[in-house]
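Quick note: the coordinates plus some simple rules give every number you see, no bench work behind them. Everything numeric in this text was worked out from a predicted model, so none of it was measured. Note that we place each Cβ from the backbone using ideal geometry, even for glycine, and neighbour counts take in every protein chain shown.
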Amino acid sequence: MKKYDIYAIGSPLMDIFTETGHENLAALSLKKGEMHLVNEEHSIRLTEGIKDKVIKTSPGGSAVNVAVGLAKLGGKSAFCGVIGHDEHGNSFENDLVKDGIIPHVTRNNRKTGHVITFITDDSERTFATHLGAALELRKEHIREEEIAESKILHIEAYMLEDPALKEACIHAMDIAKKNNVKVSLDLSDPALIRRNLEDFKKIIRDYTDIVFANEEEAKTFTGLEPEEALHKIAEEVETAVVKLGDKGSIIKHKGNTHKVNAFKANAVDTTGAGDIFAAGFLYGLCKDYDIEKCGKIGSYFGAKVVEQVGARLEHDLKKELDKLNET
């Protein structure tokens, strides 16, 4: 028996949500639907500009959201990352514990990272991210024995651009491969892929067993439309997943292709939909469910999360899962 279902490595970030118009994004030099890295000075200016328009704040980060989602479904999760000696850092660690995550977090003198999420009236989200302390993850923070005791190592691709973060994650993936731990990677963002395409192709070829991508990410990575992109990615991995939003998802696992329909939803904010999909899918894999059921779980909770603002579902996910299993 493994100690954890997933061991997640990512950027611990406080999420700050606000609504805005399309024209405001252009004025802020933010490309709609993408993630933008901003320095501390730029982040302070953006924060000042929205201080009277904040809808909510909550702990987040892609890999963190996956770990939390899986734990709330009844799985066992650990998270590795770096936070600051500040109020946001304290809130972040306390929330991990409250959500049932084993926190393998290191403290640093930099500020805890945060993301300003701009939500437009079409429910699309655009991110301005200041990574802060999250940039300080190093090889020595990676716990070999904990990764070895996990079924799946899950990493967000945002961690594979900065050289030091990439070195730490490659080290973690090396440990995983030596210990027969599956490596799961979320491709995260089209602009990120464009900047690091050849590196990402090599990492997927050499280390990765499970890849998650949305339509745009899959097209940026392969140059192909969704189904052809799925097959291309699946040439290198055991399990490839391309998420199609309200059209469901397509999955190729061990050579077999599956189409999973979406659940109906009244979308108000797509933040976190991909993360909770991955959480549900990986939960199913850890329970040895068939691939279509894994996709169904991911799709169901993805539909639930887009009906609210924010990436976290606050209600009882275990009860929701029981209802789903009865259908």
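Some notes on this structure:
- For residue 307, the residues 5 or more places off, or on other chains, whose built amide H falls under 5 Å of its own are 268.
- Computed [θ] at 222 nm, helices only, for the chain once each DSSP H run of length n ≥ 4 contributes -39500 (n - 2.57): -12000 deg cm²/dmol
- Karplus-based coupling profile of the range 82-99, in residue order and whole Hz: 10, 10, x, 8, 8, 4, 4, x, 4, 4, 4, 5, 4, 5, 4, 4, 4, 8, with θ = phi - 60° in 6.51 cos²θ - 1.76 cosθ + 1.60 and x standing for Gly or Pro.
- In plain terms, the residue of 79, 281, 221, 263 with the fewest other Cβ atoms within 10 Å comes first and the most crowded comes last, giving 263, 221, 79, 281.
- For residue 55, residues with placed amide H under 5 Å, excluding near neighbours: 17, 18, 19
- Protection proxy ranking of 248-254, 126-132, by the mean of other Cβ atoms within 10 Å over each peptide's residues and highest first, is 126-132, 248-254.
- 24 Å Cα cut-off, lysine pairs counted over the range 74-194 (separation 8 or more, or different chains): 22
- Rounded to whole Hz, the Karplus (6.51, -1.76, 1.60) HN-Hα couplings of the range 111-126, x for glycine and proline: 5, 4, x, 8, 10, 8, 9, 8, 9, 8, 6, 9, 6, 6, 10, 10
- DSSP-defined antiparallel bridges as percent of all bridges, the chain, nearest 5: 35 percent
- Radius 15 Å from Cβ of residue 41, net charge of other residues (Lys, Arg +1; Asp, Glu -1): +1
- Label assignment, Cα extents along the principal axes in Å derived from the structure, set (1) 63, 46, 36; (2) 50, 43, 41; (3) 66, 46, 31: (2)
- Between residue 327 and residue 167, the FRET efficiency from the beta-carbon distance, with R0 = 51 Å, is close to 0.65.
- The range 192-240, relative contact order in percent, only Cα pairs under 8 angstrom and at least six apart counted: 40 percent
- Amide H to amide H distances under 5 Å link residue 36 with 127, 128, 129, where only residues 5 or more positions off or on other chains count and H is placed in the peptide plane.
- Candidates 158, 289, 300, ranked by Gaussian network fluctuation over the chain, Cα under 10 Å, top entry: 289
- Couplings for the range 275-282, taken from phi via the Karplus curve 6.51 cos²θ - 1.76 cosθ + 1.60 with θ = phi - 60°, read 5, 5, 4, 4, 4, x, 5, 5 Hz in order; Gly and Pro are left as x.
- A cut-off under 13 angstrom between Cβ atoms defines the neighbours of residue 290, and their net charge, with Lys, Arg +1 and Asp, Glu -1, is +2.
- Using C-alpha pairs below 8 Å separated by at least 6 residues, the relative contact order for the range 84-126 is 42 percent.
- Sequence-separation-based contact order of the chain, relative, with Cα cut under 8 Å and 6+ spacing, percent: 18 percent
- FRET efficiency estimate (nearest 0.05) - Cβ-Cβ, residue 264 to residue 290, R0 30 angstrom: 0.80
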